[in-house]
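Enquirer: The structure under discussion is supplied below as structure tokens; questions concerning it will follow.
The values are calculated or read from the model by the stated rules, or taken from the named source; none is laboratory data. All of these numbers come straight from a predicted model, not from anything done at the bench. All Cβ positions, glycine included, derive from the backbone under ideal geometry; neighbour counts span all protein chains shown. Keep in mind that these areas ignore ligands, DNA and RNA; they rest on the heavy atoms of the full protein, side chains included. Shrake-Rupley method; radii C 1.70, N 1.55, O 1.52, S 1.80 Å.
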Amino acid sequence: RGSAVRALSRGGGIASPCMSARAYEHLCSDYPQVDAASLAALRDVLAAETTPAAVFSGAWAGACSAGAGSFPLTIPFLAGLEWAVANAARQSSSAAELRGLAAEAASAGAYAEIYALGCVLRAARLVTAHASGRDISAALRSYLPPAVRAEGDVASLSQSLECEVDVACTMPTAPGTSLALDEDGPARRMTAVQEEVWADELDDDDVPYEPLTLSAAVSGGDSCSHPAPASSGDGAQTEALPVQVKLAHLLGSLTFAPLSSLASPAAWSHAGLGPTILEAIRTAAHAVSSGSLSSAAAEQLVWPLLSLVRERLRSAPATLEAELPAALHAAGPLWRPRFLSSLLGDGGLLGHGAPPCAYTALEAAVCTELPALIGSQQSDNQMNAESESMSVLLALLRCFLDAPKSQAARAAKVLLASGAPQLIMHRRLRVDGRTMDLVDDGAEWRWLLSACCRHRSVLAFAARVPQLLGAIRSSTYLQQRASERVAWLWLMSVEWQQPASNASPAFAAPAAAAQASSSASSELDSEALVALQEMCFNACPSGSGGLVGDEAFRPAAGQVISDPSMASAVGDERLRRRVDSLLVILELLEILTRATSASISPRDLFLSATGWPLWSELESLGKRSRSELMQLFPAGSSVAGTSPNDSASEQKRPELLERVCRTLKALQLANAAPCKSD
């Protein structure tokens, strides 16, 4: 019988509309699992009827001859599809065990295709229609957000939904968030008028709860017709709900997670997602420019769609060259800079085997946006207050830090030619005898340090700025970040000792002038060494190998503690501070690792006249750390074998000591290995 049903479905007979209606009903239920044949029937109906004309009129209907049923957009439909995709991906390994015993289960890619056709494409075309001034209230009649807040209202509009069928359970989500999922089914939250329906007696399946299904009662006994969509208890209140609020809620509920399960990256294009989404974004941008749509309203509609495009590009970096220009053109100047900054994020976009052309496309897009962003920071008002454009600028400049090694030299030239490092350096220096007080200058200091670790030419430029050393010493942020402060002093002292011939031609004269000031160079070396010695001593004191046995509770010189509880508290505080110092050491070692892997050779950083005393101090710390580990954990024991009764600091300290030893060992190996400059 199953073969006959599948044959009828493929042949377009009466089984196809019946199966598509039943598939939609199951997807809106508490356990949305559908067999492959029924889901394929629903996919065929959605693909044939999800046309612009049908979407704008709200008639994305199933062509069921028995009764004109529809497959409306509802919150349970979105939640069910999201859960079905995740569940199918988890259970793909066990599907082979039931092959031949039950109907073939639908794959995660099949559910994802339904999500693309039935949810994302519809939502994008609704945005196009709404931005064009067309009425889309009919298309969203069945989309009933349970708790939304209209623009300008203080109180929320609570929607009391009646549960006619298992489709009616709705899940409240705020715009801009994705629907929450769990492993037992799509998440639901019952409203005040809804009650769970419990079976009088347990069935053979040992499931105590079963949803009440009234499909046959509603349709008059016809099992092929689809149940009526959930309706609100107050029809007037539902009709009064603004279309903009419904559409914003729908778009905020979309997520890229189900789309990532499409059969292949090309399925994104085959489904028409890219052109449809970009057309919606372009229409909304045109509506804002013409004044028919406010920028705040357009933001609610466009940004969820841009987020889908962003996640698409991040999941498939190879498509950047082909798809990024079209996405930027659709975003326009209103959303393009922020879209690029969110695409770059915290880096790592090009670290997954992306081709070189992907970075070229990304760099070209960033260079197009830099002049306007840098120009907006030139005025004195912008330099004395934190601005959103500066945050966007720092995010875009992350592109030059993620350049592939084959294009690192060219990326450094483009970066210096853009004027961005000069602007950020100018913001960090003293201007007209005063220090600029920004809300958060840490982001700029972190970017400058990362750029110096990544590109030697940027470090050469920074080291030749006379006022930079004073800015480092007076920075409140660097006083609180000892690891970054020591890294700055270390890198600058090493760069100052380089011959003028090794410096960039543009900095040759300043380099000679810096070398002539031997007293300033010696002062910088001593300052870096003293700061590093303090860090190392706080992390692992010299002498007895650190805190072992009763030394954790030994009072300071001249201090008498008679209360045992007070002595324990003092010991815990000292141990906590030394754990914090170990974390600072690890941050410093991470910065040095980045520098040796990109801009500075290990021998210049560690074996030069300036770097050798600093490196010797770190090697001494490594020896003390290994000695303490041997005392805490003799041969044959594990570092992870700490007592559960120990404090958090006592449990964390052995792990940090081991990480310090491992990181120092890796740097020692890098220092011993030959490199091109040897």
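Enquirer: In segment 454-498, how many residues are in a loop (DSSP other than H, G, I, E, B) and over 33 Å from the mean Cα position of the chain (by Cα)? Reasoning before the result, please.
Expert: Taking segment 454-498 and keeping what is in a loop (DSSP other than H, G, I, E, B), we get 455, 464-467, 475, 481, 497-498.
Narrowing the set further to residues that are over 33 Å from the mean Cα position of the chain (by Cα) leaves 464-467, 497-498.
Residues flagged as in a loop (DSSP other than H, G, I, E, B) and over 33 Å from the mean Cα position of the chain (by Cα) within segment 454-498 amount to 6.
Enquirer: Further question on the same structure: So, in segment 618-670, of the ones that are modelled with pLDDT under 90 and among the β-branched types (Val, Ile, Thr), which residue ends up surrounded by the fewest Cβ atoms within 10 Å (Cβ to Cβ)?
Expert: This residue is Val639.
Enquirer: Okay, moving on. As an exercise: evaluate Leu293 against (1) surrounded by fewer than 21 Cβ atoms within 10 Å (Cβ to Cβ); (2) in a loop (DSSP other than H, G, I, E, B); (3) aliphatic (A, V, I, L, M) and give the number of the one condition it does not meet.
Expert: (1)
Enquirer: Next up: Just to verify a result, which residue in segment 599-633, among those that are among the small types (Gly, Ala, Ser) and not in a helix (DSSP H, G or I), is farthest from the chain's Cα centre (by Cα)? Walk me through how you get there before you give the answer.
Expert: Residues of segment 599-633 that are among the small types (Gly, Ala, Ser), as a first pass: 599, 601, 608-609, 611, 616, 620, 622, 625, 627.
Checking the rest, the ones that are also not in a helix (DSSP H, G or I) come to 599, 601, 608-609.
Numbers: Ser599: 28, Ser601: 32, Ser608: 40, Ala609: 42 Å.
Result: Ala609.
Enquirer: I've got another one for you. For segment 386-404, what are the residues that are at pLDDT below 85 and not in a helix (DSSP H, G or I)?
Expert: Glu386, Ser387, listed by residue number.
Enquirer: Next question. Only one of these conditions is not met by His352: (1) at pLDDT 90 or above; (2) under 19 Å from the mean Cα position of the chain (by Cα); (3) open to solvent by 70 Å² or more (accessible area, probe 1.4 Å). Which number is it?
Expert: (1)
Enquirer: Of the residues in segment 30-45, how many are closer than 16 Å to Ala88 by Cβ and open to solvent by 10 Å² or more (accessible area, probe 1.4 Å)? Give the steps one after another, and end with the answer.
Expert: Quick first cut of segment 30-45, residues closer than 16 Å to Ala88 by Cβ only: 31-40, 42-43.
Subset that is open to solvent by 10 Å² or more (accessible area, probe 1.4 Å): 31, 33-38, 40, 43.
Qualifying residue count for the region: 9.
Enquirer: Something else: For the list (1) of a type outside the set (Lys, Arg); (2) over 22 Å from Val392 (Cα atoms); (3) part of a helix (DSSP H, G or I), I need the number of the one condition that Leu320 fails.
Expert: Exception for Leu320: condition (2).
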